[in-house]
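Q: Have a look at this one.
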Amino acid sequence: RQGALAISADAATADPADFVASRWVFTGNVVLRNAGTEVRCATADLSFRDNVLQLAVLRGTPAEFSQPRANARLPTEGRANQLDYDPVAGRIRLQGNARLADGTNEITGERIDYDLRREVVSAGAGTGGPVRMRIVPQTGKTPPAEPAP
């Protein structure tokens, strides 16, 4: 645990064993929590500079993350073979069989970039196929009236 950052895993190694300028590798049942974002994965490779987490490369089959959304009941959730989490910039990149969902709508593709602060997404296709979106209309809202002929 360091500030808002908490990590649990089956094993950890560090080079060097401080947070000034180091690389930590966590393996087995990794759970990382930072500023409301929670990640679960098989391995986590974390880089620190000046006692601040700069980048976390998280791998699993899949690696998964969840983050509460402002003014929303359900969190944003994502999964991919690899998550590149940049807490300084407030961004996460999902790569390989990527999926991002808000509890209702979802987007899938080979690569998805998600801005954790602004809740903005961009996605790209790859060898796995095109970007796909599933949008579910909200219930209980009256559809717009058809224009008069």
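Q: In the range 18-36, what count of residues is obtained for those that are hydrophobic (A, V, I, L, M, F, W, C), at pLDDT 90 or above and out of contact with any Asp or Glu (no Cβ under 6 Å at 6 or more places or on another chain)?
A: Taking the range 18-36 first, the residues hydrophobic (A, V, I, L, M, F, W, C) are 19-21, 24-26, 30-32, 35.
Now restrict to residues that are at pLDDT 90 or above: 24-26, 30-32.
Filter again for out of contact with any Asp or Glu (no Cβ under 6 Å at 6 or more places or on another chain), leaving 24, 26, 30-32.
The total comes to 5.
Q: Also, quick follow-up: Suppose we keep only residues that are within 20 Å of the chain's Cα centre (by Cα) and part of a loop (DSSP other than H, G, I, E, B) within the range 115-129. Which one would you say is modelled with the lowest pLDDT? Break it down stepwise before answering.
A: Narrowing the range 115-129 to residues within 20 Å of the chain's Cα centre (by Cα): 115-126, 128.
Those still in the list that are part of a loop (DSSP other than H, G, I, E, B) too: 116-119, 125, 128.
Details: 116: 88, 117: 89, 118: 89, 119: 87, 125: 80, 128: 70.
Once the filter is applied, the top-ranked residue is 128.
Q: In the range 53-78, which residues are out of contact with any Asp or Glu (no Cβ under 9 Å at 6 or more places or on another chain), open to solvent by 70 Å² or more (accessible area, probe 1.4 Å) and either part of a strand (DSSP E or B) or farther than 19 Å from residue 94 by Cβ (or both)?
A: 61, 71, 73, listed by residue number.
Let's see how each residue does on (1) aromatic (Phe, Trp, Tyr); (2) surrounded by fewer than 12 Cβ atoms within 10 Å (Cβ to Cβ); (3) farther than 30 Å from residue 51 by Cα; (4) in contact with a strand residue (DSSP E or B) (Cβ under 9 Å, 6 or more places away or on another chain):
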| residue | (1), (2), (3), (4) |
| --- | --- |
| 90 | no, no, no, yes |
| 108 | no, no, yes, yes |
| 121 | no, no, no, yes |
| 135 | no, yes, yes, yes |
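Q: In the range 1-25, how many residues are over 18 Å from residue 66 (Cβ atoms), among the hydrophobic types (A, V, I, L, M, F, W, C) and part of a strand (DSSP E or B)?
A: 6
Q: Looking at the range 11-21, can you tell me whether even one residue there is closer than 23 Å to residue 134 by Cβ, in contact (Cβ under 8 Å) with a residue 24 or more places away in the chain and not aliphatic (A, V, I, L, M)? Explain how you work it out, then say what you get.
A: Kept after step one, since they are closer than 23 Å to residue 134 by Cβ, are these residues of the range 11-21: none.
No, every residue in the range 11-21 fails to be closer than 23 Å to residue 134 by Cβ, in contact (Cβ under 8 Å) with a residue 24 or more places away in the chain and not aliphatic (A, V, I, L, M).
Q: Could I ask something else about it? Determine whether residue 76 is over 12 Å from the mean Cα position of the chain (by Cα) and not small (Gly, Ala, Ser). Show your work before the answer.
A: Details: over 12 Å from the mean Cα position of the chain (by Cα): no; not small (Gly, Ala, Ser): yes.
No, not satisfied.
Q: Additional query: Do we have residue 29 as surrounded by 12 or more Cβ atoms within 10 Å (Cβ to Cβ) and more than 14 Å from residue 87 (Cβ to Cβ) here?
A: Yes: the conditions hold for residue 29.
Q: Any residue in the range 56-82 that's more than 17 Å from residue 123 (Cβ to Cβ): show its pairings with residues that are open to solvent by 20 Å² or more (accessible area, probe 1.4 Å) and among the hydroxyl-bearing types (Ser, Thr, Tyr) at Cβ separation under 6 Å, as long as the two are six or more apart or on different chains.
A: From residues that are more than 17 Å from residue 123 (Cβ to Cβ), the pairs are 59/43; 75/66.
The values are calculated or read from the model by the stated rules, or taken from the named source; none is laboratory data. Quick caveat: nothing in here was measured; it's all calculated off a predicted structure. FYI the Cβ positions are ideal-geometry reconstructions off the backbone, even for glycines, and counts take in every protein chain you see. The protein model used for the area step is the full one, side chains on, heavy atoms only, and it has no ligands, DNA or RNA in it. Shrake-Rupley method; radii C 1.70, N 1.55, O 1.52, S 1.80 Å.
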